[in-house]
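Read the figures in this text as sums done on the coordinates, not as results from a lab. What you see is a predicted model, and the numbers here were worked out from it, not measured in a lab. Here the Cβ is made from the backbone with ideal geometry for all residues, glycine too, and neighbour counts use every protein chain on show.
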Amino acid sequence: MSELPQRVREELRALDALPDDRIDTTDAPEIVDWSGARRGVFYRPAS
């Protein structure tokens, strides 16, 4: 894997330093009810 550009590394560091309560997740709200979840639905072993 090639080295990330400096700009990308700086953005990742800034995101890492951001507290969880400051992250805007309104476009993808957290799922808290997993009662209907199914496991392994998309898994297909490599042939």
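Could you tell me how many degrees, from 0 to 90 and to the nearest 10, lie between the Cα long axis of helix 6-17 and the main elongation axis, the longest principal axis, of the Cα atoms of the chain?
Between the helix axis and the principal axis of the chain, the angle is about 70 degrees.
Could you run the Karplus curve 6.51 cos²θ - 1.76 cosθ + 1.60 with θ = phi - 60° over region 25-38 and give me ³J(HN,Hα) per residue in whole Hz, x for Gly and Pro?
With the stated coefficients, region 25-38 comes to 10, 5, 7, 8, x, 5, 8, 10, 9, 9, 5, x, 5, 10 Hz.
Considering only DSSP states other than H, G, I, E and B, which trypsin sites (Lys or Arg not before Pro) in the chain qualify as loop sites with at most 11 other Cβ atoms within 10 Å?
Of the trypsin sites (Lys or Arg not before Pro), the ones in loops of the chain whose Cβ has at most 11 other Cβ atoms within 10 Å are ARG38, ARG39.
What area, in nm² and to one decimal, does the C-alpha convex hull of the chain cast on average over all directions?
Average projection, Cα convex hull of the chain: 6.8 nm².
Considering the options LEU4, ILE31, TYR43, tell which one lies farthest towards the positive end of the dipole of the chain, charges being +1 on Lys and Arg and -1 on Asp and Glu at the Cβ, about the Cα centre.
Sorting the options by dipole projection puts first TYR43.
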